[in-house]
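Asker: The following block contains the structure, expressed as structure tokens.
Laboratory data are not the source of any read-out in this text; all were calculated from the coordinates shown. Everything numeric in this text was worked out from a predicted model, so none of it was measured. Glycine also receives a Cβ, built like all others from the backbone with ideal geometry; neighbour counts cover every protein chain displayed.
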Amino acid sequence: MFSTDIQIRVRYAETDQMGYVYYGNYATYFEVARVEALRALGINYSELEKQGVMMPVLELKTKFIRPAKYDQILTIRISVKKMPTVRIVFDYEVFNESNELLTVAETTLVFVDAHTMKPTQTSNPVTETLNKYFTE
């Protein structure tokens, strides 16, 4: 299993009238977490795309437990619990500064060949790098 934490400060523009993070902004938070998780693995997302590997989101599931609020620093724990094949599943846990669990989520992305725009099961930098987390 691979897991890493990233932090994001809630900006005023990301909140609703109650000062809570607007639910639609979580998808962006999860994208930031994914890109930073790949970066932590030594994978640059734009380089991945240049190599012909695209990763569109197939599915997003989110459960809101408590609200995140303006100016809080959120810790997003992102994990890959299963070795990816054609699909890769990212799990997220969002915590506030008091380490209270606020949100849990999951995104499923598909590895797509940029030239054919079809799903591919071929080896790519993501699966090659993650392999060591599942074989040790």
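Asker: Students often get this wrong: which residues of segment 1-45 have the backbone nitrogen under 17 Å from the point 7 angstrom along Cα-to-C-beta of Thr85?
Answerer: none
Asker: Another question, then. Pairs Lys82/Lys118; Lys63/Lys118; Lys69/Lys132: which are spaced more than 26 Å apart, C-alpha to C-alpha? Show your work: numbers first, answer last.
Answerer: Working: Lys82/Lys118 22 Å; Lys63/Lys118 30 Å; Lys69/Lys132 37 Å.
Exceeds cut-off: Lys63/Lys118; Lys69/Lys132.
Asker: What relative contact order, as a whole-number percentage, does the chain give when Cα pairs under 8 Å and 6 or more residues apart are counted?
Answerer: Values: 252 pairs, mean separation 39.8, N = 136.
Worked out over the chain, it gives 29 percent.
Asker: Please give the length that would be gained between Leu60 and Asn44 if that part of the chain were fully extended, namely 0.36 nm times their separation in residues minus their C-alpha to C-alpha distance (nm, one decimal). Working shown, then result.
Answerer: Working: separation 16, 0.36 × 16 = 5.76 nm, distance 2.24 nm.
Residue separation times 0.36 nm, minus the Cα-Cα distance, leaves 3.5 nm.
Asker: Between the alpha-carbon centers of segment 97-131 and segment 1-43, tell me the distance in whole angstrom.
Answerer: Measuring centre to centre over Cα atoms gives 15 Å.
Asker: Which label belongs to the value computed from this structure, given these candidates for Cα extents along the principal axes in Å: (i) 46, 33, 23; (ii) 54, 37, 27; (iii) 47, 28, 28?
Answerer: Given (i) 46, 33, 23; (ii) 54, 37, 27; (iii) 47, 28, 28, the calculated one carries the label (i).
Asker: Under 1.5 on a/c is rounded, so check that first for segment 83-136, then, if it is not, pick prolate when a/b is larger than b/c and oblate when it is not; a ≥ b ≥ c are the square roots of the alpha carbon gyration tensor eigenvalues.
Answerer: On the way: a/c = 3.76, a/b = 1.87, b/c = 2.01.
In terms of gyration-tensor shape, oblate.
Asker: Got a sec to turn the phi values of segment 66-76 into Karplus ³J(HN,Hα) couplings, 6.51 cos²θ - 1.76 cosθ + 1.60 with θ = phi - 60°, whole Hz, x for Gly and Pro?
Answerer: Once rounded to whole Hz, the list reads 9, x, 8, 10, 3, 6, 6, 8, 9, 9, 10.
Asker: 222 nm [θ] for the chain, helices only, -39500 (n - 2.57) per DSSP H run of 4+, per residue, to 500? It would help to have the intermediate numbers written out before the result.
Answerer: On the way: 3 runs with 32 residues, N = 136.
Value at 222 nm, helices only: -7000 deg cm²/dmol.
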